[in-house]
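Step one of this worksheet: look at the structure below.
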């Protein structure tokens, strides 16, 4: 006799422990909210310790704040030690923390270039490496890349685009290496999203009229990305790894 499908369990994160980096604002904050609503204990990680504390307090339950600089190896290791001490396990990692500033290529200093790569690429590498050790056998990782990894968005984002291209390739290699341990690794490539950082870097306004809107006719919102991330870490996506998912309202169709 065929068993009925329990649709509700497909997005259930009850008893799961999740780290979300860059959780104090934008897509990270919304992802933390979605995870908590799905039942997870969320480690709200951010360089902005006050912001991390605020979102952890909002979520309540077993969620905790962690102040971390993802570009710093010692800081990332300390975060994982905190998670191990608090929960004894880790099931989910979302590498969301990133810098998105603008500088024309001919005006890009080595210091600027290195800082972008350190946060946007070294950070996910460090977090992924240490998370895999803590996950042991079984887990899900989502790296937030960008449509800028595959298509130049606008002048001034060469360093950002290069870093996100690296994130996408890191995703594929990590997925291959970690598959035997049951750890799935996927990437999400957002297009224009109405976040604090995105607005500052692109000059976007809340109406979305400062940029060319994608075919769906609106700017993306943090919840659009958080919903996709929730799916990818959930049991519903249990057979998916090494893939890159574009969420851009159809922007790349143009």
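Taking segment 232-243 only, how many residues are buried (at least 18 other Cβ atoms within 10 Å of the Cβ) and within 16 Å of the chain's Cα centre (by Cα)? I'd like the intermediate steps shown before the answer.
Of all residues in segment 232-243, those buried (at least 18 other Cβ atoms within 10 Å of the Cβ) come to 232-234, 237, 241.
The next check asks that each one be within 16 Å of the chain's Cα centre (by Cα); those that pass are 232-234, 241.
Residues in segment 232-243 being buried (at least 18 other Cβ atoms within 10 Å of the Cβ) and within 16 Å of the chain's Cα centre (by Cα): 4 in total.
Give segment 198-229 a look and list any residue that's part of a helix (DSSP H, G or I) and at pLDDT 60 or above, or say none. Outline the logic, then answer.
So the first thing to find is which residues in segment 198-229 are part of a helix (DSSP H, G or I), and the list is 198-202, 222-229.
222, 223, 224, 225, 226, 227, 228, 229, listed by residue number.
Residues that are touching a residue at least 40 places away in the same chain (Cβ under 8 Å) and over 16 Å from residue 167 (Cα atoms) within segment 106-129 comprise 108, 112, listed in sequence order. Kindly indicate whether residue 109 is in contact with a strand residue (DSSP E or B) (Cβ under 9 Å, 6 or more places away or on another chain) and farther than 26 Å from residue 11 by Cα. It is false that residue 109 is in contact with a strand residue (DSSP E or B) (Cβ under 9 Å, 6 or more places away or on another chain) and farther than 26 Å from residue 11 by Cα.
Does segment 32-53 hold any residues that are surrounded by fewer than 18 Cβ atoms within 10 Å (Cβ to Cβ), out of contact with any helix residue (DSSP H, G or I) (no Cβ under 8 Å at 6 or more places or on another chain) and at negative phi, and which are they? Walk me through it before giving the result.
Within segment 32-53, the first condition is being surrounded by fewer than 18 Cβ atoms within 10 Å (Cβ to Cβ), and the residues that meet it are 37-39, 48-50, 53.
Remaining after also requiring out of contact with any helix residue (DSSP H, G or I) (no Cβ under 8 Å at 6 or more places or on another chain): 37, 39, 48-50, 53.
Scanning segment 32-53 gives 37, 48, 49, 50, 53.
Take the conditions at pLDDT below 95 and touching a strand residue (DSSP E or B) at 6+ places or on another chain (Cβ under 6 Å) and apply them to residue 171. Does it pass? Break it down stepwise before answering.
Details: at pLDDT below 95: no; touching a strand residue (DSSP E or B) at 6+ places or on another chain (Cβ under 6 Å): yes.
No, not satisfied.
If you go through segment 59-105 and keep only what is surrounded by fewer than 17 Cβ atoms within 10 Å (Cβ to Cβ), without any contact (Cβ under 8 Å) to a residue 12 or more places away in the chain and assigned to a helix (DSSP H, G or I), you end up with 74, 78, 81, 85.
Listed conditions (1) modelled with pLDDT of 95 or more; (2) surrounded by fewer than 16 Cβ atoms within 10 Å (Cβ to Cβ) are all met by residue 152, apart from (1).
The values are calculated or read from the model by the stated rules, or taken from the named source; none is laboratory data. The shown structure was predicted, so the numbers you read here are calculated from the model rather than taken from an experiment. Positions of Cβ are backbone-derived with ideal geometry, glycine not excepted, and every protein chain shown enters the neighbour counts.
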